[in-house]
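One structure is given here, and the rest of the page talks about it.
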Amino acid sequence: MIYVLGLATALVLLWLGMSGVFEPLVLGLGVVSVIIAIALAIRLDLKDRESSPYHRIFAFLLYTPYLIGEIVKANITVLKAIMSPELDIEPSLVKVKSTCRSDLAKVIFANSITLTPGTVTLRVDDDIMLVHGLYEADAQPEAFEEMDRRSSLAGDGPSTRKGKA
Amino acid sequence: MTEVLDTVIAAVLSEGWRHWVGSILCLIGAVSTVIAAVGVLRFPDFYTRLHAASVTDTLGALTLLAGMALLAPGIFIVIKMILIGLFLVLTGPTSAHAIANAAYTAGLEPLIGKFRDLKDEDEGESENG
Amino acid sequence: MSLLAAATLALFVAIVLLLIRLFSGPTLYDRVLAVNSIGTKIVVVLALVGFLMDRPDFADVALLYALINFVATIAILKFFRYRSFQISLVKPEGEKKRGAQ
């Protein structure tokens, strides 16, 4: 029930933020749309703890500044590689082992790897990720340990030893 | 000392700084987008081009949207810019991973090792997988 | 405002460069990558044009285009992998093995 309430709050905020019109007709249409969206979500069984992780939003907000810093650093590296007169790239494939347990943490970790330019996740097998890197030195498995630790903190929470999700 | 502090506070409170910061962010975004497009043309194989294209998705588009949000006249445009940026952040890596995974599953071999000469590039040609 | 016009022009230059990559290939995935990247730039161009013409409604169009662009990329990739839109993506184990060889 609390997830339905959270979804309703998010949808109402989305409607008000997008429309910005406070007339009775438009507000009524918004109420109808929110009710239809919630009915569809209930029918699709999208109201459990896993598909609406509101309890992780705060930890994820703590993760974003680190992610933005990583993106800026990696962007400068790739832009330098493009601008250099001689191509001196060194592409490589590495296997990275993740310590993330839940699916949410794995998604956060793999998407963070892909979002930073210069590294792309090619394939995810359980907890081993195949990563293609633009520079061999930047794409060593040790380079992802910090990001792995932080994204598992954002997705799983600080409590350890919960078993595999 | 207090005069310096007063001028700093006045500069922060006035509308001018938003204009300047927004313009600089837009400039950075536009320039990095063009550089990334050059990289997509220049890099030797598909996977390296993917890295160049992901620059545009993150730095280019997001800084342009952030700059426009700072230049925006009303709060609702700011909300829409934030929503567009959120969708781009959520969908960009997903589609990049989908393209890379499809190419890797179809057997497109990446170039590995130090890349030396632009002339003897041989790409793993596998049209439509 | 003239700076925003300059940014729009720069994005058009980037789109033309990506069109060269789109037409010259050489693999299918390069073309899909170019289409996806052009779509991202079109989103930003729509927002910029909304600013330039003082019509904030364009931001809604840009928002929708961002979503449709993502769905289109996934649909193209799915079609060229399975040659059909009707295969469920939920049970990919056997299909993945068959496609990997």
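For the pair B and A, the buried accessible area comes to roughly 3200 Å² in total, with a 1.4 Å probe and the value rounded to the nearest 100.
Where does each of C:Asp60, A:Asp45, C:Asp54, A:Asp127 land when they are ordered by accessible area, with a 1.4 Å probe and the largest first?
On the way: C:Asp60 55, A:Asp45 105, C:Asp54 130, A:Asp127 35 Å².
Ranking C:Asp60, A:Asp45, C:Asp54, A:Asp127 by accessible area, largest first, yields C:Asp54, A:Asp45, C:Asp60, A:Asp127.
Within the full protein context, the accessible area of C:Val45 is estimated at about 10 Å² for a probe radius of 1.4 Å.
Could you order A:Glu23, A:Glu70, A:Glu146, B:Glu109 so the one with the most accessible surface comes first? Probe is 1.4 Å. Walk me through the intermediate numbers first.
Working: A:Glu23 105, A:Glu70 45, A:Glu146 75, B:Glu109 125 Å².
Result, largest first: B:Glu109, A:Glu23, A:Glu146, A:Glu70.
The share of accessible area on the range A:2-43 that comes from carbon and sulfur is 83 percent, using a 1.4 angstrom probe.
Per residue, how much accessible surface does the range A:56-156 expose to a 1.4 Å probe? Answer in Å², no decimals. Present the calculation step by step, with values, prior to reporting the outcome.
Details: 4610 Å² over 101 residues.
Accessible area per residue, the range A:56-156: 46 Å².
Take peptide A:66-74, look around each residue's Cβ out to 10 angstrom, count Cβ atoms belonging to other protein chains, and average those counts.
Values: counts 0, 1, 2, 0, 0, 6, 3, 0, 5.
For peptide A:66-74, the averaged partner shielding equals 2.
Give the Debye-formula value of log10 I(q)/I(0) at each listed q (0.14, 0.16, 0.18, 0.21 Å⁻¹), with one equal scatterer per alpha carbon of the range B:8-105, two decimals each. Calculated log10 I(q)/I(0) at the listed q: -0.62, -0.75, -0.87, -1.03.
Neighbouring Cβ atoms from other chains, within 10 Å of the Cβ of residues in A:16-26, number 2 on average. Taking label positions 7 Å along the Cα-Cβ direction at both C:Val61 and A:Leu62, the computed distance is 4.4 nm, reported to one decimal. At a probe radius of 1.4 angstrom, the accessible area of the range B:37-82 per residue rounds to 25 square angstrom. What the Cβ-Cβ distance of A:Leu25 and C:Ala72 gives, at R0 = 30 Å and to the nearest 0.05, is a FRET efficiency of 0.35.
Taking the range C:2-100, how much of its Cα-Cα pair set, in percent, is spaced more than 22 angstrom apart? Of all Cα-Cα pairs in the range C:2-100, 45 percent lie more than 22 Å apart.
For chain C, which whole percent of the accessible surface, found with a 1.4 angstrom probe, sits on carbon and sulfur atoms? Write out the running numbers ahead of the final one.
Working: 3780 of 5380 Å².
Carbon-and-sulfur percentage of accessible area, whole number: 70.
For C:Leu67, B:Leu59, C:Leu4, the ranking by accessible surface with the largest value first comes to C:Leu67, B:Leu59, C:Leu4, using a 1.4 Å probe. The convex hull defined by the C-alpha atoms of the range A:56-156 has an orientation-averaged projected area of 5.8 nm². The B-C contact accounts for approximately 4000 Å² of buried accessible area, totalled over both chains at a 1.4 Å probe radius. Protein heavy-atom accessible surface, 1.4 Å probe, per residue over the range C:2-100: 51 Å².
Tell me, what % of the accessible area of the range B:19-83 is carbon and sulfur with a 1.4 angstrom probe? Percent of accessible area from carbon and sulfur atoms in the range B:19-83: 86.
For the segment C:15-24, counting C-beta atoms of other chains within 10 Å of every residue's C-beta and taking the mean gives 3.
Could you give the DSSP H helices of chain C that reach 30 angstrom or more along their long axis (alpha carbon positions) and whose average Kyte-Doolittle hydropathy is no lower than 0.0? The partial results should precede the final answer.
Numbers: long enough: C:2-24 (33 Å, 2.42); C:28-52 (36 Å, 1.62); C:58-82 (36 Å, 1.54).
Those that clear 30 Å and a mean of 0.0 are C:2-24, C:28-52, C:58-82.
The orientation-averaged projected area of the convex hull spanned by the Cα atoms of the range A:2-43 comes to 2.7 nm².
The values are calculated or read from the model by the stated rules, or taken from the named source; none is laboratory data. Not measured: the values here are computed from a predicted model. Heads up, the Cβs are rebuilt from the backbone with ideal geometry, glycines too, and the neighbour counts pull from every protein chain shown. Calculation scope for accessible area: heavy atoms of the full protein, side chains included, ligands and nucleic acids excluded. Shrake-Rupley method; radii C 1.70, N 1.55, O 1.52, S 1.80 Å.
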